[in-house]
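All remarks here apply to the structure that follows.
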Amino acid sequence: MKAILDASVFFSDWHPEGELFTTPSVCDELRDIRSRGNYEKLCAGGLVVMSPGSGSLKRVAAAATTSRDASVISGTDRDLLALALELEAVLFTDDFAIQNVATVLGVQTHPISQRKAKRVHWKYRCTGCGRYYDHDGECQVCGATVKRKLK
C-alpha cells in the first residue's frame with residue numbers, strides 16, 4: 001500500500017508500513033527532536049520525499065474552492081493532497097480540512113489519532129450585519145469581518 005504521511009505521523013508514536021512518501025514541506029515542519037528522530041527512522045526504512053506536479057496542485061486548488069476550505073489549507077496541505085492524488089495513495093492525517101478536500105478529490109484518508117472527519121459544508125457570515133457570503137474577508141455592506149461557520 002502506498003501511504004502519504006502528514007507531519008502528525010512524525011509527531012506520534014504510530015509507525016505506518018508499506019511504500020511511504022511525504023513532501024519536502026512536511027520535512028520543513030519537523031523541528032523538535034522527537035519528530036526528527038521518527039523521520040530519520042522512517043527514512044532508514046525507505047521513506048521517499050518528493051514534490052507533486054503542478055497539474056495535481058491545480059486540481060487540489062479547485063477542490064479546496066469547491067469544499068470551501070481554500071482559505072484554511074496551507075501550502076503543505078496542498079502538497080500532500082496533490083501527491084496522494086498523483087500516486088493514488090492513502091493520505092495519513094488528522095487534519096479535518098485536508099480530509100474534507102480529499103473527499104472532494106476522491107483521495108482516501110486515514111486518521112492517525114483523531115476520529116475521521118465528516119464532510120463539512122461551510123458558510124460565511126458577516127459578524128456585523130449577518131449577511132452571507134461565499135468567502136471570508138470583509139463585508140461589502142458594513143465593512144465588518146466575514147467569518148467561516150458550519151452550515
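The values are calculated or read from the model by the stated rules, or taken from the named source; none is laboratory data. Predicted, not measured: the structure shown is a model, and the values here were computed from it. Every residue, glycine as well, gets a Cβ built from its backbone with ideal geometry; the counts of neighbours run over all protein chains shown.
Take the residues in the stretch 119-130 that are at pLDDT 85 or above and touching a strand residue (DSSP E or B) at 6+ places or on another chain (Cβ under 7 Å); name whichever of them is surrounded by the fewest Cβ atoms within 10 Å (Cβ to Cβ). So that I can check it myself, show each step before the final result.
Going residue by residue through the stretch 119-130, those that are at pLDDT 85 or above are 124-130.
Filter once more, so that each one left must be touching a strand residue (DSSP E or B) at 6+ places or on another chain (Cβ under 7 Å): 124-127.
Details: 124: 18, 125: 17, 126: 20, 127: 11.
Out of the qualifying residues, it is 127.
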Among residues of the stretch 1-55, those that are among the hydroxyl-bearing types (Ser, Thr, Tyr) and within 11 Å of residue 92 (Cβ to Cβ), counted: 3
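Have a look at 73, 112 and point out the one that is β-branched (Val, Ile, Thr) and modelled with pLDDT under 90.
Values: 73 fails: modelled with pLDDT under 90.
Being β-branched (Val, Ile, Thr) and modelled with pLDDT under 90 holds for just one of 73, 112, which is 112.
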Where a residue in the stretch 125-136 is over 17 Å from residue 66 (Cα atoms) and in contact (Cβ under 8 Å) with a residue 24 or more places away in the chain and its partner, wherever it lies, is of a type outside the set (D, E, K, R) and surrounded by 14 or more Cβ atoms within 10 Å (Cβ to Cβ), with Cβ under 9 Å and at least six apart: 125/133; 125/146
Output for the stretch 122-151, where each listed residue is of a type in the set (A, V, I, L, M, F, W, C) and assigned to a strand (DSSP E or B): 122, 126, 146, 150
Residue in the stretch 37-51 that is closer than 30 Å to residue 135 by Cα and at pLDDT 95 or above present: yes
